[in-house]
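The values are calculated or read from the model by the stated rules, or taken from the named source; none is laboratory data. In this text, all values refer to a predicted model and were calculated from it rather than measured experimentally. Heads up, the Cβs are rebuilt from the backbone with ideal geometry, glycines too, and the neighbour counts pull from every protein chain shown. The accessibility values were calculated without ligands, DNA or RNA, using every heavy atom of the protein model including side chains. Shrake-Rupley method; radii C 1.70, N 1.55, O 1.52, S 1.80 Å.
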Amino acid sequence: MVTTPPPKKTREKEKKFESPYGYFTEDGMEFVITRPDTPRPWVNVISNGDYGVIESQTGSGFSWLGNSNLSRIVRWEQDLIKDDWGKYLYLRDRASGEVWSGTWKPCMSGFDFFEVRHGLGYSVLASRFQKIKTEKTIFVDAKDPVEIWRVRLTNEDSKPRRLSVFSYFEWCLGNAADTHREFHKTFIETQIDRAHHVIYGLKRPALVPGHISTGLSESPLEAFHAAHPKPVAYEGDKEAFFGRYGPGSAPAAVKKGRLSNSDGKWGDSIASLQIELDLAPGQTQEVVFLLGAVRSRKESETLIQKFSAPGSAEKELQAVKALWRKFVEASWIETPDEAMNLMTNVWLKYQTLSGRLWARCGYYQSSGGFGFRDQLQDSQIFLPLEPALCKKQILLHAGHQFPDGTVYHWWHPGTGIGAVTHMTDDLLWLVFLTLAYLDETADESVLNEKVKFLPDPKTKQVTEAGLYDHCLRAIDKVFSRWSPRGLPLIGEGDWNDGLSHVGVRWKGESIWLGQFLYGVLKRFNPYVKKRDPQRSEDYEKRAEALKEAINRHGWDGEWYVGATGDDGRPLGSKTSGEGKIFLNAQTWAVISGVATPERGRACMASAEKLLYKEYGPLLLTPAYTVTDPGIGYITRYAPALRENGGVYTHAANWAVQAECILRDGEKAHQVYQSYSPPCRGLDPERYYVEPYVTPGNVDGPESPHESRGGWTWYTGSAQWCYTVAMNWILGVRPVREGLLIDPVIPKSWPGFQMRRQFRGATYEIEVKNPSGASEGVKTVRVDGKPHASNVIPAFGDGSTHKVEVLLGR
């Protein structure tokens, strides 16, 4: 007798790093939030480099074009406790009159089902209420300045359901800080265009030249909100929508079931579209809402037409996913640390690209501008993915340097707005990133690229020079700010902006800046030697003199001092009452090569003893408790918050790099894991923030919220977390001669695998650690043949090359 075998059980997909609030999907490409009341908003920052959106798990958030501060499309107030400003969808049952929202906010309905899936370039917000399932997929077109809300409504009832769907948001159309709403609303108007199923919002621009009464700088916009199928009604007036004193959870127009078709120049401008749907039992219908900002009505009409075609939203969503796959798949690792895999393969790339470089915005900080040192460092993420984009970023920043070598601390592109400060490290990051690009590409022609300086403040003339000359001017400017003891002056702060008053009279010194300069000089000098041997000889002498001065004046017996103030007092010293030890002065003593081997081990041992916590290395300790006008605004922070004695994740990564340089794989990985978001996220009531991106900071021991994260997304830590994993723990990093393989992994690891692009070829690398020694590279085989060095040559042939590495004593 022939029997039919039982059906095979479908394997349940693995939920990785699952907590009470959510989990990573098996492939790591999505984070799924399973309940709406996360300790803080868990958001997605979505951008195509021009148009941007932030969407929280509650359905709140905002949109902008180009600049999240100066060209905000919709109103949003930063309130991470309530999170009740956004672009919302209301639903109304036309039979019963019941009203609810498709996302948790603003109605906070008691959903039968809730799920939010944050992915790369999109979010899917799903809910079920009264047997109606709502699924809103929000994304930004890969190229065009428009966001798409693909809303699918499914009737899970046994009877037909008649629904009305209402979109809603408030127009901003300019500077996000328009808190004087009664003034700014007088410049905004709405226009309904029924022929194209759209309502427009526009803000009339200020006159040129401006007048003080018109308020803050901005880039006024014209934007559009459209839908398909065709709306049955429109609304452009806030009072008509909510009614007098109407609550956000029950707008009068939604309760009534009809918008008033109001528009014009005289109301408080909003946008709402009403769609009517009749759903048979089991039926799903789709509504596509658009929100965008373009230069002309013709462009908006083209986009509206484009997305009215069946399947167009899905087609564009797939284009967005393909764009992100390109970046994600350019490098890939498989290690025994699943959190490292998830973050390095997917989320650190996405956070850096979408959040920091393209959006330049987060829920904790809406910037919109470029930070000179900030986005320069971020651009390192491009090096193993698409190095030409790193070069583009370097040249962009070189164009924001003055002829004397100083730079804008930050600027808003296209506005003429930039911050001229006495920060003393910004300019050196131009050299640092140029060196990183040269290591990756060996493309020395970049040094000849002509870039214009900012206008000379005195003569107003605009000159240009090669990137090499820009780098020299940065270095020489630091040398021009020099103390009698042979150390660089700190001015209004080195990398730590909070040390804002340490050297305002140009007497205070920065030990860390000296370490940074020393490392830059040693790496840049070979390029100088090719072009100007005499200058190279001078740089070499000055570098060695600087190293000697740091070790003479900066060594405190067990660690390096961080700085000295205008009054001569040391900061980060055993003699300091607070702020006795600074992390950066220890890590960069090792990274730069300033420290002797003995002092390198000693200062990092002090860092481990005094700064390392189970949740990451503190930036300094103990925290400052009294505002000190001789130190800076760091002392205004509450103790243990941000730079004032918390974990500053950006700098925590440098501790991992320093431990790798000291060849301590166990400690390096232990420090890395201590602040790893997926690991920290397993205890969400303690950690609070998203477990799929890095936080800017974590509260230190003096805080009642010790180990709580904050300031996610908009932080330079993401790129550095990626870099220390790839280049230092796994030890695969570019050098001028080729691709160096020098892992510093835990002894317990059996090995790892990596795929990496390098100078026109793909390298598939397998590292084995059979003895558990992980002492160093024992043997190397390239394409099956023995290779005498752990530096793999640049083949540049467009092919894939297999590299096998055996570790051992």
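Here are the criteria: (1) at pLDDT 95 or above; (2) assigned to a loop (DSSP other than H, G, I, E, B). Tell me which single one Val32 does not satisfy. Only one criterion is unmet by Val32, namely (2). The set of residues in the range 276-308 being of a type outside the set (Phe, Trp, Tyr), open to solvent by less than 20 Å² (accessible area, probe 1.4 Å) and in a strand (DSSP E or B) consists of Leu277, Leu279, Val287, Val288, Leu290, Leu291, Gly292, Ala293. Considering Asp193, Asp141, the condition of being surrounded by fewer than 24 Cβ atoms within 10 Å (Cβ to Cβ), touching a helix residue (DSSP H, G or I) at 6+ places or on another chain (Cβ under 6 Å) and acidic (Asp, Glu) is satisfied by Asp141 alone. For the range 450-467, taking the residues that are in contact with a Gly (Cβ under 8 Å, 6 or more places away or on another chain) and closer than 17 Å to Val407 by Cβ, the one that is most open to solvent (accessible area, probe 1.4 Å) is identified as Lys452. Could you tell me whether Lys326 is touching a residue at least 12 places away in the same chain (Cβ under 8 Å), within 23 Å of the chain's Cα centre (by Cα) and open to solvent by 50 Å² or more (accessible area, probe 1.4 Å)? No, not satisfied.
To keep it simple, each residue is scored yes or no on (1) assigned to a helix (DSSP H, G or I); (2) touching a Ser or Thr at 6+ places or on another chain (Cβ under 6 Å); (3) aromatic (Phe, Trp, Tyr); (4) surrounded by fewer than 18 Cβ atoms within 10 Å (Cβ to Cβ).
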| position | (1), (2), (3), (4) |
| --- | --- |
| Arg552 | yes, no, no, yes |
| Glu558 | no, yes, no, yes |
| Asp566 | no, no, no, yes |
| Ser573 | no, no, no, no |
| Gly577 | no, no, no, yes |
| Gln586 | yes, no, no, no |
| Val594 | no, no, no, no |
| Glu598 | yes, no, no, yes |
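For the range 94-121, the set of residues classified as out of contact with any helix residue (DSSP H, G or I) (no Cβ under 6 Å at 6 or more places or on another chain), part of a strand (DSSP E or B), open to solvent by 10 Å² or more (accessible area, probe 1.4 Å) and touching a residue at least 24 places away in the same chain (Cβ under 8 Å) consists of Phe114, Glu115, Arg117, listed by residue number.
Would you please name the residue that is nearest to Tyr350 (Cα to Cα), looking only at residues in the range 722-772 that are outside any strand (DSSP E or B) and acidic (Asp, Glu)? Out of the qualifying residues, it is Asp742. Looking only at the range 669-693, residues that are in contact with a strand residue (DSSP E or B) (Cβ under 7 Å, 6 or more places away or on another chain) and assigned to a loop (DSSP other than H, G, I, E, B) come to 9 in all. How do the pairs read when you match residues in the range 380-391 that are of a type in the set (Lys, Arg) with residues anywhere that are part of a helix (DSSP H, G or I), using Cβ under 9 Å and keeping only pairs 6 or more apart or on different chains? What qualifies is Lys391/Ser379; Lys391/Phe382; Lys391/Tyr437; Lys391/Thr441; Lys391/Val446. Could you tell me whether the range 16-24 includes any residue that is of a type outside the set (Lys, Arg) and assigned to a loop (DSSP other than H, G, I, E, B)? Looking for residues that are of a type outside the set (Lys, Arg) and assigned to a loop (DSSP other than H, G, I, E, B), one finds at least one in the range 16-24, hence yes. You will find that of Gln78, Gln130, the residue that is surrounded by fewer than 24 Cβ atoms within 10 Å (Cβ to Cβ) and in contact (Cβ under 8 Å) with a residue 40 or more places away in the chain is Gln78 and no other. The numbered conditions (1) part of a helix (DSSP H, G or I); (2) under 35 Å from the mean Cα position of the chain (by Cα) are all true for Ala253 except (2).
For the range 348-370, the set of residues classified as assigned to a loop (DSSP other than H, G, I, E, B), farther than 20 Å from Lys392 by Cβ and open to solvent by less than 10 Å² (accessible area, probe 1.4 Å) consists of Gly362, Tyr363, listed by residue number. Here are Val805, Val782: which of them is more than 30 Å from Ser354 (Cβ to Cβ), among the β-branched types (Val, Ile, Thr) and without any contact (Cβ under 8 Å) to a residue 24 or more places away in the chain? Selected residue: Val782, the only one of Val805, Val782 that is more than 30 Å from Ser354 (Cβ to Cβ), among the β-branched types (Val, Ile, Thr) and without any contact (Cβ under 8 Å) to a residue 24 or more places away in the chain.
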